[in-house]
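The values are calculated or read from the model by the stated rules, or taken from the named source; none is laboratory data. Not measured: the values here are computed from a predicted model. A quick note on method: Cβ atoms are made from the backbone with ideal geometry, for glycine too, and the neighbour counts reach across all protein chains shown.
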Amino acid sequence: MEKTRPTVRFTAKPGEIVDDEVMEEGATLIHKLGPRAVTRLPGGIAKKWDLRNLEDEARTMRVAESAGLPVPHVHGTGMSPMKKYWIAMDYIEGQTLAGAWNSYSKEEKSSVAKQLGEILVKMRQMPPPENHIGGAHVGDQGRDLVDYGLHVYPACKDEAEFNAHIVESMGVKKPKAFRRAIADQLRTDHRIVFTHGDLALRNIIVQGPKVVSIIDWELGGWYPEYWDYAKCLCGIRASDFFDHADEIFPESYPEELVTMTAHRIFQ
């Protein structure tokens, strides 16, 4: 008598998202972190799941694709019956730069850095909307990843408003002297450019020494010109990736880097 195969069930743990709904028919789990997960589906589709609405991220990816940037094509978005949000997009073959970086030769590292630089130049050439700092569309909220989680705030009309949210994200329990010191260093005359917001090595997909895609645009949109530089480099751990900053970033912002590193420490 043929044995019946047991049904595999996935029950999400508290604070996590992976369950039977996420692990739909044909799905393979390729990433999970707390309340979010990514699955791969037949037909070259990747599906990102989150307990937060992903519409803003999908809009940012569409804006990026329309400008010719290497991002996965978005096929659709939605919300499941159990109120989980998803984006369906192209699955990009390759590995993350985090996994590949240390295997590169000096010449390959320089080549990858210059490819990233070309992408950032193209991003910074995109014309920004007027009187808007925040997500990809005017009115979309701003987002910043801080040590205690995701800091979400209303779209800003200028950099002074944006700076107020930077100080706010430090938390009211921090000494006023720290908050004032950070506030006094923040300028209000930067250009506003199209920004990724989390340009970490884990969010860059490569095939060999070729950059093929940038993923995870949750924090993307229109932000001051120093934002990608400072947010990327103040988050780098032990890696010589930093040594290629002049090849990656069209301009350097040393004062803003120091300020945002201090901001991160005092969060």
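What pairs can you find where one residue is in segment 139-153 and at positive phi, the other is at pLDDT 95 or above, and their Cβ atoms are less than 9 Å apart, with a gap of 6+ or different chains?
139/132; 139/154; 139/155
Please find, within segment 182-213, the residue that is modelled with the lowest pLDDT out of those that are surrounded by 15 or more Cβ atoms within 10 Å (Cβ to Cβ), small (Gly, Ala, Ser) and assigned to a loop (DSSP other than H, G, I, E, B).
200
With the requirement that a residue be touching a strand residue (DSSP E or B) at 6+ places or on another chain (Cβ under 6 Å) and on the phi > 0 side of the Ramachandran plot, what does segment 214-267 give you?
Answer for segment 214-267, where residues must be touching a strand residue (DSSP E or B) at 6+ places or on another chain (Cβ under 6 Å) and on the phi > 0 side of the Ramachandran plot: just 221.
Is it fair to say residue 179 is in contact with a strand residue (DSSP E or B) (Cβ under 8 Å, 6 or more places away or on another chain), assigned to a helix (DSSP H, G or I) and not assigned by TED's automatic domain parsing to the domain that holds residue 58?
Details: in contact with a strand residue (DSSP E or B) (Cβ under 8 Å, 6 or more places away or on another chain): no; assigned to a helix (DSSP H, G or I): yes; not assigned by TED's automatic domain parsing to the domain that holds residue 58: yes.
Answer is no for this residue.
Can you find even one residue in segment 117-126 that is under 19 Å from residue 263 (Cα atoms) and touching a Gly at 6+ places or on another chain (Cβ under 7 Å)? Step through it out loud before you land on a result.
Initially, segment 117-126 is screened for residues under 19 Å from residue 263 (Cα atoms), giving none.
The answer is no, given that none of the residues of segment 117-126 is under 19 Å from residue 263 (Cα atoms) and touching a Gly at 6+ places or on another chain (Cβ under 7 Å).
Just to verify a result, which residue in segment 71-96, among those that are hydrophobic (A, V, I, L, M, F, W, C) and buried (at least 17 other Cβ atoms within 10 Å of the Cβ), is nearest to residue 214 (Cα to Cα)?
So the first thing to find is which residues in segment 71-96 are hydrophobic (A, V, I, L, M, F, W, C), and the list is 71, 74, 79, 82, 86-89, 92.
Filter again for buried (at least 17 other Cβ atoms within 10 Å of the Cβ), leaving 71, 74, 86-89, 92.
Values: 71: 5, 74: 13, 86: 18, 87: 15, 88: 16, 89: 13, 92: 10 Å.
Residue satisfying both the conditions and the ranking: 71.
If you scan segment 121-139, which residues turn out to be touching a helix residue (DSSP H, G or I) at 6+ places or on another chain (Cβ under 7 Å), closer than 17 Å to residue 62 by Cα and surrounded by 20 or more Cβ atoms within 10 Å (Cβ to Cβ)? Break it down stepwise before answering.
Applying the first criterion (touching a helix residue (DSSP H, G or I) at 6+ places or on another chain (Cβ under 7 Å)) to segment 121-139 yields 133, 135-137.
This time we only want the ones that are closer than 17 Å to residue 62 by Cα, so: 135-137.
Across segment 121-139, the qualifying residues are 135, 136.
So which of 68, 99 is at pLDDT 90 or above, in contact with a Lys or Arg (Cβ under 9 Å, 6 or more places away or on another chain) and loosely packed, with under 12 Cβ neighbours inside 10 Å?
Details: 99 fails: loosely packed, with under 12 Cβ neighbours inside 10 Å.
Being at pLDDT 90 or above, in contact with a Lys or Arg (Cβ under 9 Å, 6 or more places away or on another chain) and loosely packed, with under 12 Cβ neighbours inside 10 Å holds for just one of 68, 99, which is 68.
Pairs only if they're at least six apart or on different chains, beta carbon under 9 angstrom, first in segment 176-205 and more than 13 Å from residue 120 (Cβ to Cβ), second β-branched (Val, Ile, Thr) and assigned to a loop (DSSP other than H, G, I, E, B); list them, first residue then second.
Within 9 Å, the pairs are 179/172; 200/236; 201/236; 202/215; 203/215; 205/92; 205/215.
Looking at segment 35-90, which of its residues are β-branched (Val, Ile, Thr), outside any loop (DSSP other than H, G, I, E, B), touching an Asp or Glu at 6+ places or on another chain (Cβ under 9 Å) and over 18 Å from residue 150 (Cβ atoms)?
Once the filter is applied, which keeps residues that are β-branched (Val, Ile, Thr), outside any loop (DSSP other than H, G, I, E, B), touching an Asp or Glu at 6+ places or on another chain (Cβ under 9 Å) and over 18 Å from residue 150 (Cβ atoms), segment 35-90 yields 39, 45, 74, 77.
For residue 129, all conditions in the list (1) within 18 Å of the chain's Cα centre (by Cα); (2) closer than 22 Å to residue 251 by Cα; (3) in a loop (DSSP other than H, G, I, E, B); (4) of a type outside the set (Asp, Glu) hold save one; what is the number of the exception?
Failing condition for residue 129: (1).
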